[in-house]
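Engineer: To start, I am sharing the structure in question, which I have written as structure tokens.
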Amino acid sequence: MIAAVLLLCAVGVLCSDDVKTPVCVPSHEAACLTPADYLNPSGPITKVLAVGMKLIISLEGLSGSFVCHWIRGEDRVMTVNGSQSMVTSQLSETDSGEYTLTCKSNNVTMFSTTVILHVMKRPTKPQLMLDGVDVSDTFPLFKCISEGFPKPTIKWSGNKDGQQSLKGSDRKTESKVSSTEYYNRAMMCCATNAEGQECSQLYDYDLQSSVMNKDEVSTVTLSKGQSLLLRCRVKGYSLRSPVWEKGGKQLNARTFSCTPEKEEEMCIKNDSYFGVQMAYLSIRSVREEHSGTYTCTSANKNSKSVHVNVSDEGFLSAQLDETKIISAQEASSTCLQATVSYHPVLQYCSWETPDKNRTKCVRETWVTQHRTVKLCDPLISGDYKLHLEAGGQKETKIISVCVVDEPKFNFLFNKDDGTLNLETVSPVPANYTWMFCSESNDSCSEIDSSWDEVPNAFQIDSDVSCNKTIKSLVSKDVLKGDQFRFCLTNSLGSWCKTHYMIIPPTPQPSIGNPPEENSFLLTVCLVLVLQNPLPSIL
């Protein structure tokens, strides 16, 4: 190792006293690889990136005349001569694999190592369709297909595994399950890998009545090429199968029969199981002409409709509170949450903390559309950023988080002017006041009726700040009795602190120094969180 370093210094490849701006700064758009950090690697270097990221190979520390090659198999993917960096194009999952990075100076190999790239990709929106429809005397199957890297696993509603296909590539998963498993209820299939989860559902409509159930969808938005699977059903052994129609035209099972030859077209499949009459409408790959309103009607004239919108026009919007104030005790158990709306898929979602670290969003599971995204790490004070990408659009939202402790009240008696001074730190807006109790020590209680407010002592601080130092004072002359308290109300609650005033007895003739004229002692304090807070402006 020492010999290698001396050689690199001798040829001017490694040693440099210049202080330069780093060639590469990691971000959610690019990862960095610096060969100078791996002069004597014990094995292959592994880099994990997401689809769409770039890899920047920074040649910092390798100053001098050199040529570097980025090689995959027998192919030289990139070559640089004298440059400070090599930058790949945006990576896809097909770029995963083994590479060799070699740098030479004067035809002498100065550095060579193996780099293994893992380019991770979220599962694609599963294609959900009917299968086995041309096999007589059998019930149709549901088939679910998704791609991703690592290869996703597929689960069905009820966390069922289904029958996984052994066919396909190392990125595609196919799973099937009998439709009889879900003959009388809705169904969903979800594809999951290390990058996340995507789901598709059977849009199921119960025609026992014409009233839409809460889980029945009235509008479906799809992108070109996605699948659509609708089903309506009614219970009754003697009833005919329900009938689908679009634009006043009936879509019967004879005209639109489901066959392998028509797998890309719309087809109708009637089925019956345990007295439940069903009509499926299946489109394996939707196009714009499939947009419209589809209505299914049963023999007893009950009907329900769903509007299908096929569009490649993407959109993205998010709603996030501008501020959030929490107590220090809640900081480790509180989540930040935003509401999102997008089409077709939420490609990227991360939270950026005040210290510039990025964390993947926590998304809902077993949903076809993620409506909320969360951050559930311990929170600190500062600005948090939510970064989103969907439908070719990017959006960033900011929320200011304020983590505060319970206020601590510090009292000080000023002998010079005879005032009681209070200092504390609190989020604002806030209001505060002084109160006194003129009863004897045994009669004053912690309930509000025992206390009177000092005239003109109520104050409102309407500033907006996470932590502001609040100072207040009151003359001891306006405090009647031997007890007083300071009360503060902010967005987290209300607090009071009680003090006792001990007035020295009347001086008696004695030998020695008389007591100081302004002896004023504050002792014995009690902090109370009010159940019924003071009037608040918050």
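Engineer: Residues of the stretch 367-421 being within 19 Å of Thr323 (Cα to Cα), touching a residue at least 60 places away in the same chain (Cβ under 8 Å) and among the polar types (S, T, N, Q), which ones?
Structural biologist: Ser381, Ser400, listed by residue number.
Engineer: Ok, one more. Would you mind telling me which numbered condition in (1) assigned to a strand (DSSP E or B); (2) loosely packed, with under 14 Cβ neighbours inside 10 Å Arg254 fails?
Structural biologist: Against the list (1) assigned to a strand (DSSP E or B); (2) loosely packed, with under 14 Cβ neighbours inside 10 Å, Arg254 comes up short only on (1).
Engineer: Out of all the residues in the stretch 303-322, which are of a type in the set (S, T, N, Q) and at pLDDT 95 or above?
Structural biologist: Answer for the stretch 303-322, where residues must be of a type in the set (S, T, N, Q) and at pLDDT 95 or above: Ser303, Ser305, Asn309, Ser317, Gln319.
Engineer: Continuing with this model, one more query. From the set of residues in the stretch 366-387 that are among the hydroxyl-bearing types (Ser, Thr, Tyr) and not in a strand (DSSP E or B), which is most open to solvent (accessible area, probe 1.4 Å)?
Structural biologist: Across the stretch 366-387, the extreme among qualifying residues is Ser381.
Engineer: Where residues in the stretch 82-103 are polar (S, T, N, Q), surrounded by 15 or more Cβ atoms within 10 Å (Cβ to Cβ) and not in a loop (DSSP other than H, G, I, E, B), which of them is nearest to the chain's Cα centre (by Cα)?
Structural biologist: So, considering only residues that are polar (S, T, N, Q), surrounded by 15 or more Cβ atoms within 10 Å (Cβ to Cβ) and not in a loop (DSSP other than H, G, I, E, B), the one nearest to the chain's Cα centre (by Cα) is Ser85.
Engineer: Please state which one of Phe436, Phe486 is buried (at least 17 other Cβ atoms within 10 Å of the Cβ), at pLDDT 90 or above and touching a Phe, Trp or Tyr at 6+ places or on another chain (Cβ under 8 Å).
Structural biologist: Answer to the check: Phe486.
Engineer: Here is a follow-up. Tell me whether the stretch 290-310 contains one or more residues that are open to solvent by less than 30 Å² (accessible area, probe 1.4 Å), assigned to a strand (DSSP E or B) and in contact with a Gly (Cβ under 7 Å, 6 or more places away or on another chain).
Structural biologist: Yes; the residues of the stretch 290-310 include at least one that is open to solvent by less than 30 Å² (accessible area, probe 1.4 Å), assigned to a strand (DSSP E or B) and in contact with a Gly (Cβ under 7 Å, 6 or more places away or on another chain).
Engineer: Could you identify the single residue in Val464, Val474, Val425 that is open to solvent by 80 Å² or more (accessible area, probe 1.4 Å), more than 30 Å from Glu313 (Cα to Cα) and either at pLDDT 90 or above or in a strand (DSSP E or B) (or both)?
Structural biologist: Val464
Engineer: Can you pull out the strands (runs of 3 or more DSSP E) entirely within the stretch 172-248 that have at least 3 residues that are surrounded by fewer than 20 Cβ atoms within 10 Å (Cβ to Cβ)?
Structural biologist: Qualifying strands (runs of 3 or more DSSP E): 172-178, 219-222, 243-246.
Engineer: For residues that are open to solvent by less than 10 Å² (accessible area, probe 1.4 Å) and either part of a strand (DSSP E or B) or small (Gly, Ala, Ser) (or both), tally how many sit in the stretch 130-157.
Structural biologist: Of the residues in the stretch 130-157, 7 are open to solvent by less than 10 Å² (accessible area, probe 1.4 Å) and either part of a strand (DSSP E or B) or small (Gly, Ala, Ser) (or both).
Engineer: Within the stretch 321-347, work out how many residues are open to solvent by 30 Å² or more (accessible area, probe 1.4 Å), part of a strand (DSSP E or B) and within 20 Å of Thr221 (Cβ to Cβ).
Structural biologist: 3
Engineer: Still on this structure: If Val404 satisfies every condition in (1) under 12 Å from the mean Cα position of the chain (by Cα); (2) open to solvent by less than 10 Å² (accessible area, probe 1.4 Å) but one, which is the exception?
Structural biologist: Condition (1) is where Val404 drops out.
Engineer: If I go through the stretch 207-230 residue by residue, how many of them are under 26 Å from the mean Cα position of the chain (by Cα) and of a type in the set (A, V, I, L, M, F, W, C)?
Structural biologist: 3
Engineer: Go through the stretch 104-120 and give me each residue that's part of a strand (DSSP E or B) and open to solvent by 50 Å² or more (accessible area, probe 1.4 Å).
Structural biologist: Listed by number, the residues that qualify are Lys104, Val108, Thr109, Ser112, His118.
The values are calculated or read from the model by the stated rules, or taken from the named source; none is laboratory data. Everything numeric in this text was worked out from a predicted model, so none of it was measured. Please note: Cβ atoms are built from the backbone with ideal geometry, for glycine as well, and neighbour counts cover all protein chains shown. Only protein heavy atoms, including side chains, enter the accessible area calculation; ligands, DNA and RNA are left aside. Shrake-Rupley method; radii C 1.70, N 1.55, O 1.52, S 1.80 Å.
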